[in-house]
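Before any comments, here is the structure.
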Amino acid sequence: MTSVVGFVELGSHMTPIPRLLRVRQEFPHPPPLDLLGTLSKEFQKLRPRIQPGARIAVGVGSRGIANLAAIVSALLGLLRDAGARPFILPAMGSHGGATPEGQIGLLAGYGITEQSMGVPVLGSLDVRQVGATAHGAPVWCSVEALGADGILVVNRIKPHTDFFGALGSGLIKMCVIGLGKHAGALAMHRAASRWGHEPVIREMASVVLEKAPVLGGIAILENQHHETARLVAVPREALESAEDQLLQEARAMMPLLPFDEIDLLILDTIGKNISGAGMDPNVVGRGVQGYSSALMREGRPSPFIRRIFVREITPESHGNAIGIGLADVTTTRLVRSMDASVTNINALTALTHQCAKVPIHFDTDREAIERILNTLAIDNTAQARIVRIRDTLSTADMEVSESLLPAISGRPGMVILSDACDVAFDNEGNLPPLIVD
């Protein structure tokens, strides 16, 4: 008796790839915000606290916030008009390789430099312990910030990537991690691993607010189009109560994916300017401490994404590939563009070493897609449910496979922009740029 064993030849263009079509998720699109007018009005909440001649530290982080340079420049102008002497303080924990040069370089990538802003950028990572939590965890604060007459922090409010609660990523977190520099970030994450992120951040923030001359902050909210939706000046004493409410608004405006299950999510880019975790766990449904690659859903929440392919790191990340460990497969060119030292420092500081793990990688997009499709264990990979987006901040315009048409048809806010067609790779076997209108 002769037996025949069937096989699938991997990576040789024999794996069927689903046809894709362009679709758009139509989010509300309010008129543009008057940045200067809104900020000038909100600044009046803080104006009585600004004394003539006062040195004011303006803490600015490493996120790719829409209009960040314009907002910071306008705030500096308002401070100068009030007679203050402002300077910029990089407030970003361990980012930029935890070096002054690296953090100043990150700000420069967003157009925030001494030349463009007209004020000094003081990048020192020197800190001083200003207290401790009830559990004995040290609380650190920037020496430059402590030496100022006042501190204002500028940050976007959004759900956190590491935990879910009434507190997210915003002004309070920046007071702890941003003003705490590398030492403060490490101390917070070490304490949070034992007693929880939200309780530790709130307790450490109360110490910073008691010991450091924090005057308040400028909260930024963005809509689903990665546009500035609101600017809110928050005085020091209102930081906790105001941020709790603002987080609810920010959560309602998150650009989530409109599908319950996805077999393969293609992310063109990840990066620190996109999310603190490179790709936002709130969008992809994978946690920073790792994920299961099991194909069975087994009660896991939406979106349930079986496989993720990441193609590139954003230039603004300066080689920080944090979050690549949440992907199942990537490209050799992404791995070569990584700055291992910068990535590792960020992951080790945040105690999220899973995020820095390098997945299987291939020389071309085509091979990566074919190989990962074959791990889905389905008879016909042409039926796989594929979604391609630029990044986790950009979920309006996407490419999806024909098998997802039933989930789109008749759904409010979903618009089909093209017919389905075969995936066109370039001469090197890579995907062309995603079309985003």
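The values are calculated or read from the model by the stated rules, or taken from the named source; none is laboratory data. Note that this is a predicted model, so its numbers are computed, not measured. For neighbour counting, all protein chains shown are included, and Cβ atoms are generated from backbone atoms with ideal geometry for every residue, glycine included.
Taking the conditions (1) under 17 Å from the mean Cα position of the chain (by Cα); (2) surrounded by fewer than 20 Cβ atoms within 10 Å (Cβ to Cβ) in turn, G323 satisfies each one other than (2).
Within the stretch 209-239, the residues that satisfy the criterion of being among the charged types (D, E, K, R) and buried (at least 17 other Cβ atoms within 10 Å of the Cβ) are E222, R230, R236. Looking only at residues of the stretch 21-42 that are surrounded by fewer than 18 Cβ atoms within 10 Å (Cβ to Cβ) and among the acidic types (D, E), we find that the one that is farthest from L215 (Cα to Cα) is E26. For the stretch 302-335, the set of residues classified as among the hydroxyl-bearing types (S, T, Y) and in contact with a Gly (Cβ under 8 Å, 6 or more places away or on another chain) consists of S302, T314, S317, listed by residue number.
Restricting attention to the stretch 206-235, the residues that are touching a residue at least 60 places away in the same chain (Cβ under 8 Å) and assigned to a helix (DSSP H, G or I) add up to 4. Cβ separations smaller than 9 Å between residues 6+ apart or across chains give no pair from the stretch 186-198 residues that are assigned by TED's automatic domain parsing to the domain that holds T349 to residues that are in a helix (DSSP H, G or I) and at pLDDT 95 or above. Of all residues in the stretch 124-142, one or more are at pLDDT 95 or above, assigned by TED's automatic domain parsing to the domain that holds V176, over 21 Å from L209 (Cβ atoms) and not hydrophobic (A, V, I, L, M, F, W, C).
Scan the stretch 43-63 for residues that are surrounded by fewer than 19 Cβ atoms within 10 Å (Cβ to Cβ), of a type outside the set (S, T, N, Q) and farther than 23 Å from Q115 by Cβ and jot them down. Within the stretch 43-63, K45, R47, P48, R49, P52, G53, A54 meet the criteria. Counting only strands (runs of 3 or more DSSP E) wholly contained in the stretch 368-436, the ones carrying 2 or more residues that are farther than 25 Å from S275 by Cβ and hydrophobic (A, V, I, L, M, F, W, C) occupy 414-416. For the stretch 64-91, a residue qualifies if it is within 17 Å of the chain's Cα centre (by Cα) and either surrounded by fewer than 22 Cβ atoms within 10 Å (Cβ to Cβ) or closer than 11 Å to M117 by Cα (or both), and the qualifying residues are G64, I65, A66, N67.
Filter the stretch 258-306 for residues that are among the acidic types (D, E) and in contact (Cβ under 8 Å) with a residue 12 or more places away in the chain; which is surrounded by the fewest Cβ atoms within 10 Å (Cβ to Cβ)? Step by step, filter the stretch 258-306, then rank; the result is D260. With the requirement that a residue be at pLDDT 95 or above and out of contact with any Lys or Arg (no Cβ under 9 Å at 6 or more places or on another chain), what does the stretch 214-226 give you? Once the filter is applied, which keeps residues that are at pLDDT 95 or above and out of contact with any Lys or Arg (no Cβ under 9 Å at 6 or more places or on another chain), the stretch 214-226 yields only I218.
The residues on offer are E399, E367, and the sole one that is crowded, with 18+ Cβ neighbours inside 10 Å, within 17 Å of T269 (Cβ to Cβ) and touching a residue at least 60 places away in the same chain (Cβ under 8 Å) is E399.
Do the conditions hold for P120, that is, is it surrounded by fewer than 19 Cβ atoms within 10 Å (Cβ to Cβ) and in contact (Cβ under 8 Å) with a residue 12 or more places away in the chain? Yes, satisfied. Within the stretch 143-173, the set of residues being acidic (D, E) and either within 15 Å of the chain's Cα centre (by Cα) or in a helix (DSSP H, G or I) (or both) comprises E144, D162.
Considering only residues that are at pLDDT 95 or above and within 27 Å of A356 (Cα to Cα), which ones fall in the stretch 109-122? Passing the criteria: none in range.
Looking at V176, V130, just one residue is more than 22 Å from N67 (Cα to Cα), over 17 Å from the mean Cα position of the chain (by Cα) and assigned to a helix (DSSP H, G or I), and that residue is V176. Remark: pairs (first residue in the stretch 317-335, of a type in the set (D, E); second residue at pLDDT below 95; Cβ separation under 8 Å; 6+ apart in sequence or on different chains) = D328/S293.
Residues that are more than 16 Å from L267 (Cβ to Cβ) and among the hydroxyl-bearing types (S, T, Y) were ranked within the stretch 292-336; the one that is modelled with the highest pLDDT is T332.
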